[in-house]
Structure formats: C-alpha cells, structure tokens
Amino acid sequence: MFNKMKLWKTSKDQDGQDDRISQILAHPIPDHVAIIMDGNGRWAKKRTLPRIAGHHEGMKTVKKVTKAANKLGIKILTLYAFSTENWKRPKTEVDYLMKLPEQFLNSFLPELIEENVKVSTMGDMDQLPVSTRRAVDHAKEKTKNNDGLILNFALNYGSRSEIIDAIKHLATDVKKGIISEEDIDNECFSTYLMTKSLKDPDLLIRTSGEVRLSNFMLWQLAYTELYFMDVLWPDFSEEHLFEAVESFQKRSRRYGGLLGEEIQ
Ligand code: FPP
C-alpha cells in the first residue's frame, strides 16, 4: 500500500513541480536539445533482463521526455536512436531496435498529432527495413503541418559520413557552377548537412555516465553546452530534463567571444 501511494503525486508534490516549471520558464529555454540516449543495455543487465528489454524501456522514456520537452516549450528535440555503427550489434538486437520506431509510432502517433508535434528524421533511411520506413514516413506525413515541437530522430545516423556526403555534394555543386568557392562559409556548409533547416543544438545531454560524442552531430555541436549525467536512459525522467535545462540556464555562452561586462 505504501509503495502504491508513493506512485501518486500528492497535490503538494504537484505544486512543487509546477513551481519548478514556472522557475525554469522564467529563464531562457534551449531551443534545440539533443540527447544521446545511452545505458539501455546496462539497465537491463542490472535486472538480469535481455538487452532488448532495456531498449523497450528506453522507448517508454522517449515518450516521457517528449511530453516534458513540450511542457518546457523546447522547439527541437533530437534523439540519437540508431547510429551507423549500431549495425555491428547482434542481429536480434538490431532487428529489435529497427522495430522500435514503428512500435513507438503505433502507440504514440495520435498523441503526437494532438500535441502539435512534428516528426522528423536525419540519417540514411534507405537502409532501414521497409516497415520502419513506412511507419516513419506515415508519421512525417501526418504531422507535417504541425508547428510545435520538432521531434527529430537520428536513425542510421553518423556525423562523419554526414560531413563527407556534404563535402561531396558541395564539390559537385562547385563543379557545376551552382555555387562558387568564395561563397563557402559556415552558413553555406550547414545547408549541405542533414540538419539544414534546424538550428544547432543549444544543449546536448548524454546519459549513462559516458563522456564522449560517439560520432553525433560533430559539426552542429561546436558551441553547444554539454551535460553528462550518470542516470541510465530508461531511468531518465522529466526531473532529469529539468535538471539539465537548469544547468544550461546557469551557463554563460560566449561563442568564443567575451560577454559585455567582461570587456574592459
Ligand atoms: C544505447 O544504449 C542506446 C541505443 C543504441 C538505442 C537507443 C534507442 C532507444 C532509447 C529507443 C529509441 C526509441 C525510438 C522511438 C526510436 P546501449 O544499448 O549502448 O546501452 P549500454 O551502453 O548500457 O549497453
């Protein structure tokens, strides 16, 4: 009975939660939050469950975090769901990971539509199983006119191959005279990346205690605030997102320059 009672939030808890959200909303909210969702395997291992059980629980966390991001008015949430390196995992695990977007969208798409969320992806979709692609394309189509949170899944994504593809495409355009060498700058190059219409992330979160970027958005993260957390992805909650955003709000972003008060 005691445990059950703890599952429900008392009105006092809810008031505390509302106060916390109001406090957060009183300060600048990162427009674009990117997350490296790590630790599903370790979460499962701790419970002597198969790794796929960790991924399944991780999918449930994606739902919770999407709702929390929406609450804060975050504009873009990019989630690293499958990297180009993840194909090296055992086939059963890869097969399961490939089914997750479909499972997620089957149960959550109506809510995404209702919440004005727009589904988008970055990565090479051509290599994904047809049913995964179909589910993702369907979700994109159904949410294409939504103008709330952009829920951007990095699926079969790798930053180095994204950059190499961009360079090849750019070189072709230079050869064809579509663009001249002098016009190539940061802004121009960014338009050749998979994130072309998205602003760079303001905040990157990586869970599970690992402190590396794992080939994720290497160009786009140049001036992003980084936040590494010890929590395993299936245990990541709304409160953890709030904590990361609160940390972001305490940082002073200089983009390599100085802040007004630092200039003598
Ligand atoms: C890394 O943890 C996680 C992944 C490779 C997969 C992430 C996928 C999800 C969280 C679900 C995605 C959901 C949708 C809707 C697409 P790991 O397995 O490497 O964990 P470990 O380091 O503890 O082994």
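The values are calculated or read from the model by the stated rules, or taken from the named source; none is laboratory data. Just so we're clear, the structure is a prediction, and the values are computed from it rather than from any experiment. Cβ: placed from backbone, ideal geometry, glycine included. Neighbour counts: every protein chain shown. Each accessible area value is taken on the protein alone, full model and side chains, heavy atoms only, with ligands, DNA and RNA left out. Shrake-Rupley method; radii C 1.70, N 1.55, O 1.52, S 1.80 Å.
Below 25 Å Cα-Cα, how many Lys pairs turn up in the range 105-176? Only count pairs eight or more apart in sequence, or on different chains, if you could.
Numbers: LYS118/LYS140; LYS118/LYS142; LYS118/LYS144; LYS168/LYS176.
Taking the Cα cut-off of 25 Å, the pair count is 4.
Run the accessible area of the chain with a 1.4 Å probe and give the carbon-and-sulfur part as a rounded percent.
So the carbon and sulfur contribution to the accessible surface is 53 percent.
Suppose the chain between ILE179 and LEU221 were pulled fully straight at 0.36 nm per residue; how much longer would it get relative to their current alpha carbon spacing?
Net length gain for the segment: 12.6 nm.
Using Cα positions and a limit of under 25 Å, work out the lysines in reach of LYS46, with same-chain residues fewer than 8 apart set aside.
Of all the lysines, those that pass the test against LYS46 - Cα under 25 Å, at least 8 places apart if same chain - are LYS4, LYS6, LYS60, LYS63, LYS64, LYS88, LYS91, LYS99.
If you take all C-alpha pairs in the range 149-264, what percent of them are over 25 Å apart?
39 percent
Roughly how many whole Å is it from the C-alpha centroid of the range 156-177 to that of the range 242-264?
Value for the Cα centre distance between the two parts: 33 Å.
Using the crude model of +1 on Lys and Arg Cβ and -1 on Asp and Glu Cβ, and no other charge, please compute the dipole size for the chain relative to its Cα centre, in debye to 20.
Computed about the Cα centre, the dipole is about 1160 debye.
Once phi is turned into θ = phi - 60°, what whole-Hz ³J(HN,Hα) does the Karplus curve with 6.51, -1.76 and 1.60 give for every residue of the range 213-229, x standing for Gly and Pro?
Once θ is set to phi - 60°, the couplings for the range 213-229 become 9, 6, 6, 10, 6, 4, 6, 5, 8, 3, 10, 7, 6, 9, 9, 9, 10 Hz.
Around ILE150, which amide H atoms from residues at least 5 apart in sequence, or from another chain, sit under 5 Å from its own amide H, with H modelled in the peptide plane?
ILE76, LEU77, LYS118
Taking the Cα centre of the chain as the origin and placing charges on Cβ (Lys, Arg +1; Asp, Glu -1), which of PRO30, LEU193, PHE82 is farthest toward the positive end of the dipole?
PHE82
Rank ASN156, PHE108, TYR255 by how far each Cα sits towards the positive end of the charge dipole of the chain (+1 on Lys, Arg Cβ; -1 on Asp, Glu Cβ) and give me just the farthest.
Working it through, the farthest residue towards the positive pole turns out to be PHE108.
Quick one: divide the alpha-carbon radius of gyration of the chain by 2.2 N^0.38 Å and tell me what you get.
Details: Rg = 19.8 Å, N = 264, 2.2 N^0.38 = 18.3 Å.
Here the Cα radius of gyration is 1.08 times the empirical estimate.
Using the crude model of +1 on Lys and Arg Cβ and -1 on Asp and Glu Cβ, and no other charge, please compute the dipole size for the range 1-114 relative to its Cα centre, in debye to 20.
For the range 1-114, the charge dipole is close to 580 debye.
Taking a probe of 1.4 Å, how large is the accessible area per residue of the range 119-264, in Å²? Walk me through the numbers on the way to the answer.
Working: 7960 Å² over 146 residues.
Each residue of the range 119-264 exposes 55 Å² on average to a 1.4 Å probe.
Based on the alpha-carbon gyration tensor of the range 136-214 and its eigenvalue square roots a ≥ b ≥ c, which shape applies: rounded if a/c is under 1.5, prolate if not and a/b is larger than b/c, or oblate?
Oblate.
Let's see if you can work this out: charge +1 on each Lys and Arg Cβ, -1 on each Asp and Glu Cβ, no other charges. What is the dipole magnitude of the range 119-264 about its Cα centre, in debye to the nearest 20? All intermediate terms of the calculation are to be shown ahead of the outcome.
Working: 17 positive and 25 negative charges, 100 e Å.
Taking the Cα centre of the range 119-264 as origin, the dipole is about 480 debye.
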